[in-house]
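The values are calculated or read from the model by the stated rules, or taken from the named source; none is laboratory data. Treat the numbers as computed from the prediction; the structure is a model and nothing was measured. Cβ coordinates were reconstructed from backbone atoms using ideal geometry, including for glycine residues, and neighbour counts include every protein chain displayed. Keep in mind that these areas ignore ligands, DNA and RNA; they rest on the heavy atoms of the full protein, side chains included. Shrake-Rupley method; radii C 1.70, N 1.55, O 1.52, S 1.80 Å.
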Amino acid sequence: MLDFSIDLLRTFLAVHKHKSITVAAVQLRKTQTGVSAQIALLEEKAKMKLLDRSRRPYQLTEAGHYFLDFAETMVNRTDGLDSTLKELTNGSAGEIKIGASTSIATYVLPPIVISILKEHPNLNFIVMTQPPRVIAEAVRQCELDFGVVLTHEAPQGLNAKVLRVERLCFIRSSSHALGQPKLVAPKDIRHIPFVMGLKNSEYAGMINGMLRAVGVHETSVVFRINSFEAMKEFVRSGMGVTIVPEYAVKHEISAHIFSEVKIKNAKPTFKIMMIERPRVHSSPSVKLAKHIIEQRIMRVDQ
């Protein structure tokens with residue numbers, strides 16, 4: 001009968017994450033010898049090699065890949081049960097660790113979290129803002145309870161639920177001296193000056209993919225910056241046009257600060273997804289927060 005302690009499984013996951021016994025030992029506050037001994041004991045119990053230590057960085061063996069799913073499931077369930085029991089014992093709410101795309105953390109989550117805290121003031125929210133791929137990896141590594149990301153495809157190895165399809169707005173300043181038309185053909189977009197995200201950023205990559213999908217294969221980028229607020233400020237000054245999610249600009253459009261330019265025969269969208277580990281056992285506080293956030297985002301008129 002297989003018998004693996006949670007401590008052994010945590011050590012295995014740390015070595016896999018950092019691809020190094022030395023780094024894993026530092027993170028776990030153990031000696032390298034101790035970590036090596038635990039991995040050896042784990043492989044002895046499993047009766048097969050789980051890590052190929054002849055390669056740098058370390059790689060999982062075929063058996064190691066199967067074992068990884070088991071280890072993650074057991075550690076997740078143990079951590080979830082521990083959080084639940086602490087909440088039940090102390091009679092208090094716990095900590096919720098959320099990962100979010102920067103724009104979602106800026107424009108979507110604040111009013112939702114504020115409303116939750118008004119009803120449940122003992123909750124403690126920690127929000128990490130990063131690109132979707134970084135959020136997905138942090139969720140996989142159990143560093144976050146769940147993520148809310150703006151993306152066009154679900155990350156591999158995680159449960160993903162589409163909460164809302166978000167329209168993308170192609171905007172210009174309402175006072176733009178050039179008087180850009182409100183409807184343009186894809187072939188004419190290459191003549192319009194663009195303010196875009198950084199060239200190698202995940203968002204810029206998604207925007208370029210979306211533009212190619214509607215027949216725009218070339219754009220004239222006059223400025224790049226990795227901030228929606230900064231992009232909007234440059235557009236407000238009349239420097240060019242940009243593409244942002246509707247939630248990031250709907251108030252300015254209503255106030256006639258920006259005007260929307262439509263791309264002929266195209267309705268570009270991204271998806272707001274909630275992502276989490278499969279078979280995760282969440283504490284009551286995490287379940288509560290996740291449910292409320294999910295329901296509020298699904299309401300388009302929030």
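Values computed for the structure shown
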| item | result |
| --- | --- |
| Sequence of M273, M239 from largest to smallest accessible area, 1.4 Å probe | M239, M273 |
| Surface share of carbon and sulfur [accessible, 1.4 angstrom probe, percent] for the chain | 53 |
| With 10 Å bins from 0: P(r) over the chain, alpha-carbon pairs, percent | 6, 23, 25, 21, 15, 8, 2, 0 |
| Cα gyration tensor, region 171-273 - rounded (a/c under 1.5), prolate or oblate | rounded |
| Mean-position separation - Cα centroids, region 257-293 and region 104-131, in angstrom | 14 |
| The chain: antiparallel DSSP beta bridges as a percent of all, rounded to 5 | 60 |
| Most fluctuating residue given options A289, A71, A46, as computed from a GNM of the chain linking Cα atoms under 10 Å | A46 |
| Helix runs (DSSP H) in the chain reaching 15 Å along axis by Cα, Kyte-Doolittle at least 0.5 | 109-119 |
| Within the chain, helix-based [θ] at 222 nm, where runs of 4 or more DSSP H residues each add -39,500 (n - 2.57), nearest 500 | -13500 deg cm²/dmol |
| For the chain, accessible area per residue (1.4 Å probe, heavy atoms of protein chains only), Å² | 52 |
| By average C-beta atoms within 10 angstrom, highest first, the peptides 9-21, 116-128 | 9-21, 116-128 |
